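A short worksheet on the structure shown next.
The values are calculated or read from the model by the stated rules, or taken from the named source; none is laboratory data. Treat the numbers as computed from the prediction; the structure is a model and nothing was measured. A quick note on method: Cβ atoms are made from the backbone with ideal geometry, for glycine too, and the neighbour counts reach across all protein chains shown. In case anyone asks, the SASA skips ligands and DNA or RNA and just uses the protein heavy atoms, side chains included. Shrake-Rupley method; radii C 1.70, N 1.55, O 1.52, S 1.80 Å.
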Amino acid sequence: MQKHSPLPSGWRLWLAIAAGTYVLILLCTRPDTYIDSFNYAKHIVDHKQGVLPPSLDPFFDFGHPLWRPMGYLVCFGNLLASGFGGNQIFAAAGALIAWSLLGGAIATVFLYLLLARLTSKAWVAGVGAMGFLSTHAIMNFSRTGTAYMAGAACQIVGLYAIHRAIRDDRFSTRNTIAVGILLGLSIGIWFPFVLSVPGL
């Protein structure tokens with residue numbers, strides 16, 4: 001059995017640099033628009049209040065069947081419900097933005113770890129992760145409350161798990177189910193991610 005490739009020396013420093021870069025990008029840039037997130041937020045609030053008949057309720061919309069429910073769980077799980085001066089739409093949008101921010105962070109960390117293990121060079125992984133951080137996906141969508149970054153995070157973590165299974169020669173049922181769940185979640189968050197699953 002092959003042993004999993006170790007992380008190279010200096011990996012913690014370069015991971016900290018990549019994480020710091022993510023924080024700087026969040027502080028120094030802003031998204032093009034928040035329009036979709038507030039549409040989704042209104043859908044969440046409308047669903048909670050039951051103002052639409054089930055046939056017209058976009059809460060489980062085919063393109064994003066899990067995205068609005070994820071926002072609903074955070075917004076109305078008392079994490080954000082008391083904030084935003086009682087404005088439920090702002091609270092719901094804040095919940096979606098929190099998921100986007102978390103997705104961007106997870107995607108960055110696991111892409112860095114994947115590159116560090118693939119190349120055995122911490123600086124290459126750091127530069128690669130910072131290249132990812134310079135893309136439109138991060139600079140815009142990590143704060144918009146749209147589904148892209150959370151879905152991308154699931155795919156990158158899934159790819160990392162696939163890599164570990166290959167390197168360790170451990171294609172167990174548990175690993176297979178874990179990867180399937182991650183890739184399935186990415187599709188549930190944003191359906192077009194189904195197109196990248198065959199490549200993964």
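Listed values, structure above:
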quantity: Single residue of the range 25-38 satisfying the filter (open to solvent by 70 Å² or more (accessible area, probe 1.4 Å) and not in a loop (DSSP other than H, G, I, E, B)) that is modelled with the lowest pLDDT; calculated: Ile35
quantity: Filter result for Arg117 (in contact with a Leu (Cβ under 9 Å, 6 or more places away or on another chain) and either under 25 Å from Phe60 (Cβ atoms) or in a helix (DSSP H, G or I) (or both)); calculated: yes
quantity: Cross-chain or 6+ apart pairs with Cβ under 6 Å, the range 171-199 first and within 25 Å of Trp99 (Cβ to Cβ), then of a type in the set (Ser, Thr, Tyr); calculated: Phe193/Ser186
quantity: Any hit, the range 53-65, residues being over 21 Å from Ile189 (Cα atoms), surrounded by fewer than 14 Cβ atoms within 10 Å (Cβ to Cβ), of a type outside the set (Ser, Thr, Tyr) and modelled with pLDDT of 90 or more; calculated: yes
quantity: Inter-residue pairs, beta-carbon under 9 Å, first touching a residue at least 24 places away in the same chain (Cβ under 8 Å) and in the range 48-67, second part of a loop (DSSP other than H, G, I, E, B) and among the aliphatic types (A, V, I, L, M), 6+ apart; calculated: Gly63/Ala147; His64/Ala147; Leu66/Ala147; Trp67/Ala147
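This table checks each residue for (1) within 26 Å of Arg30 (Cα to Cα); (2) more than 15 Å from the chain's Cα centre (by Cα); (3) at pLDDT below 95.
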| site | (1), (2), (3) |
| --- | --- |
| Leu111 | yes, no, no |
| Leu115 | no, yes, no |
| Met130 | yes, yes, no |
| Cys154 | yes, no, no |
| Leu159 | no, no, no |
| Asp168 | no, yes, yes |
